[in-house]
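Okay, structure first, notes after.
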Amino acid sequence: MRITGTNGIKGIRESVARPAVALACTAALAALCGCTTQAAGSDGRHRLPVHIQLPSRRPPSGRSPGPSPTASDAKPVAEPTATRAAAPPRVLWSRGDTGTDVRELQARLRQVAWLFDGPTGTYDDLTEQAVQGFQGKRGLPRTGRTDAVTWQRLRAMTHRPGTWELYLMGGQPAAAPDRRCLTGRVLCISKTSRTLRWMIDGRTVSTMAVRFGAQYTPTREGVFHVYWKSRHHVSTLYHSPMPYALFFSGGQAVHYSYDFAARGYAGGSHGCVNVRDEAAIADLFAQVRNGDKVVVYW
C-alpha cells in the first residue's frame, strides 16, 4: 500500500485509534455492569476473557452483613433471676390499726407470753414491742409490724382464740349498765367487763377501758358521788401521780394511770379506777361535776 502526503498518514492514525477507543469504552461499560468481556487484539483475534469486578462494600467493623433490625424485630432481654430483689412480705397490721383482726393478733401474742395486755383491738406501742420480740426470737426482721410471714409463724404456734380470750381479759365491749345508772349523770363502772360508761339520763356518752385495785387493795363497790376533782393530783400516801383525779370514796378515785398505759392489765391499782386513755379521761374530767353519781358493780 502506498501512502502519500500528510493526509494519508493522518488516516492511518485514525484507523488505528478507533478500535482502541472502542475497546476502552467496552471495558468501561463492562466495569459498570459487572460483566465479563473479551479483548480483541489488533489482528482481530479474541484474547483471554477480561474479568472486571466491582469493589465490595464491607460493613463497618463489628457489624455483620444483613438487613438492619427494625423495632419490631428487637427482643426484650430478660433480667437475670439472681439480680432481682425479693419483694418484702406484705404488711397486714401496724401501729395505729384497729379492729377484730388486731384483737386476735393480741390474743395470740398473749398465748406465747409476748403480750400481757388486753386484747384491746388497738395496735399500740405494747403490741408493737411484743411483735418485735416475737420476730427477733424467730430470726425475722424486728420491724414491729405484722407482715404475712410473722402472722403465719404466729398462727402455726397458737390456737384460734375464743370469746373469753378475745374479750374477757379487758378491752371488751362495755357490759350492760346497772339499773342504778339509768337516771341522772353517772359514772357507770363494770368490774366484769372492765369498762366505764359515762351516762346522762340513760344515754351513753362515752366508754373507756379501766382496771381496778389489786387483791389486797380492792376497789370498793356500791353507789358513791364525786366529791373532789384534782387535775394535777399526786398521792400523798404512795407519792405517785394521779392526773385528772375524780375522787368518789375516801382516797379512791377515777384517774389516768401511766402504769396502766405502759403495762396494761399486768398491774393493778391501790383501789383506784385507772384509765389508760389520757385523751378520754381529760375529756371526761372536763364534763363531770362534783356531786355526779358513781356506780361500781360486777
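No lab work stands behind these numbers, since they all come straight from the coordinates. Computed from a predicted model, the values in this text were never measured in an experiment. Ideal geometry is used to build each Cβ from the backbone, glycine not excepted, and the neighbour counts take in all protein chains shown.
One table, with the values for the structure above:
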read-out	value
Amide proton proximity set for Ser206, modelled H, under 5 Å, gap of 5+	Trp198
HN-Hα J in Hz across the range 255-262 - Karplus 6.51, -1.76, 1.60, θ = phi - 60°, x for Gly and Pro	7, 6, 10, 5, 5, 4, 5, 8
Computed lengthening from Ala266 to Arg231, 0.36 nm per intervening residue step minus Cα-Cα distance	10.0 nm
Kirkwood estimate for the range 91-168, i.e. one over the average of 1/r between Cα atoms, Å	12.0 Å
Hydrodynamic radius (Kirkwood) for the range 179-297, which is based on Cα pairs only, to one decimal in Å	14.0 Å
In the range 177-227, trypsin sites (Lys or Arg not before Pro) in a DSSP loop with at most 12 other beta-carbon atoms within 10 Å	none
Loop-resident sites, the range 116-167, for trypsin sites (Lys or Arg not before Pro), counting at most 10 other Cβ within 10 Å (DSSP)	none
Segment Gln287-Thr204, extension gain: residue separation times 0.36 nm, minus the distance between their alpha carbons	28.5 nm
Estimated FRET transfer efficiency when R0 is 30 angstrom, pair Thr192-His159 (beta carbons, to 0.05)	0.75
Neighbour-count ranking [beta-carbon atoms within 10 angstrom, fewest first] of Glu104, Glu221	Glu221, Glu104
Within the range 84-116, trypsin sites (Lys or Arg not before Pro) in DSSP loop having at most 11 other beta-carbon neighbours inside 10 Å	Arg84, Arg90
